[in-house]
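A short write-up of the structure that comes next.
The values are calculated or read from the model by the stated rules, or taken from the named source; none is laboratory data. Because the structure is predicted, anything quoted here is derived from the model rather than measured. FYI the Cβ positions are ideal-geometry reconstructions off the backbone, even for glycines, and counts take in every protein chain you see.
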């Protein structure tokens, strides 16, 4: 008994085969594709700015160079924000963690003994662990780096090559972005051109609105956390606040990392309840402002990308495809959300739902 597939079924299977082939190549060639996928995502984010500069009658080469150089300078400035955290907090951690552990042991051990719990911290072991893993000797770091280069030289060289290749690939993507779009548009069968164009425009609108809204939320929160910590007298208010604001791009996880940094800064600088109260006030108000005002108005309800969906997409694609998967998670998520919305409309209008 033979079964004949309809034309629509054959087309559906063909598109599924293309999608499966693309996912397989992404999985197999993930390490090689990393700089190209990073450049493609950055090209999508930066090409509107390039087009605006070009509309000012600036040559495209100059517009691309200006936008890319400004972007790289911003990235370098943000990366340098981590340096004060490392240079100030690591020595403080090495010196203060044993003292904090001793204080905690002195205060908690009597309280726990009253309720019949005999627990005592091994302060000497904690001190040995801290001295071993929080050493700030430059020669120790150099020896570790050189040994890592000898053992995993291929990985190190691939990372360096990717960093050097990224600006070049990004430049060519930005230069040829209109041509790339026209090329892929021409690959769509003419009978599907109108439907595909509408679908792509809707996906682009959703993803662009999400990214713009999320970027605005990040900038406002970075200013809020930096100003709030500065009012409480934190020495690392600016780097910790900016890091927390930028890290909220990954919902909950980024906020948690910023909160941990702020708590460490409070413990090491103040060593009293005052620092923890300051962190609780600033980060508590930050969560209220973000959850009830910024995210709903700038990102949430009008976009359709729920924070849980974002977290799941980042974790799932990161697990399946590594760092490349993290980069393509949000674009694919936006496409799937639009596709689901259209399938939902089709389902509500189908005889299967109306029967």
Within segment 341-355, residues being assigned to a helix (DSSP H, G or I) and either at pLDDT below 75 or touching a helix residue (DSSP H, G or I) at 6+ places or on another chain (Cβ under 6 Å) (or both) number 4
Answer from 280, 265, 194 - the residue that is surrounded by fewer than 13 Cβ atoms within 10 Å (Cβ to Cβ), in a helix (DSSP H, G or I) and at pLDDT 80 or above: 194
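Table: residues versus (1) modelled with pLDDT of 80 or more; (2) surrounded by 15 or more Cβ atoms within 10 Å (Cβ to Cβ).
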site	(1), (2)
175	yes, yes
186	yes, no
214	no, yes
223	yes, no
230	yes, yes
237	yes, yes
249	no, yes
253	no, no
256	yes, no
Apart from one, (1) at positive phi; (2) under 17 Å from the mean Cα position of the chain (by Cα) all hold for residue 233; the odd one out is (2)
Reported set for segment 218-254 where residues are part of a loop (DSSP other than H, G, I, E, B) and within 16 Å of residue 291 (Cα to Cα) is 248, 249, 250, 251, 252
Set 61, 67: member being modelled with pLDDT of 85 or more and surrounded by 14 or more Cβ atoms within 10 Å (Cβ to Cβ): 67
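Here is a yes/no grid of residues against (1) at pLDDT 65 or above; (2) touching a strand residue (DSSP E or B) at 6+ places or on another chain (Cβ under 9 Å); (3) over 30 Å from residue 261 (Cβ atoms):
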site	(1), (2), (3)
1	no, no, yes
12	yes, no, yes
16	yes, no, yes
20	yes, no, yes
71	yes, no, no
79	yes, no, no
Could you figure out which of (1) buried (at least 21 other Cβ atoms within 10 Å of the Cβ); (2) without any contact (Cβ under 8 Å) to a residue 40 or more places away in the chain; (3) within 27 Å of residue 308 (Cβ to Cβ) isn't true of residue 242? (2)
Could you identify the single residue in 236, 221, 229, 216 that is in contact with a helix residue (DSSP H, G or I) (Cβ under 6 Å, 6 or more places away or on another chain), without any contact (Cβ under 8 Å) to a residue 60 or more places away in the chain and farther than 23 Å from residue 182 by Cα? 229
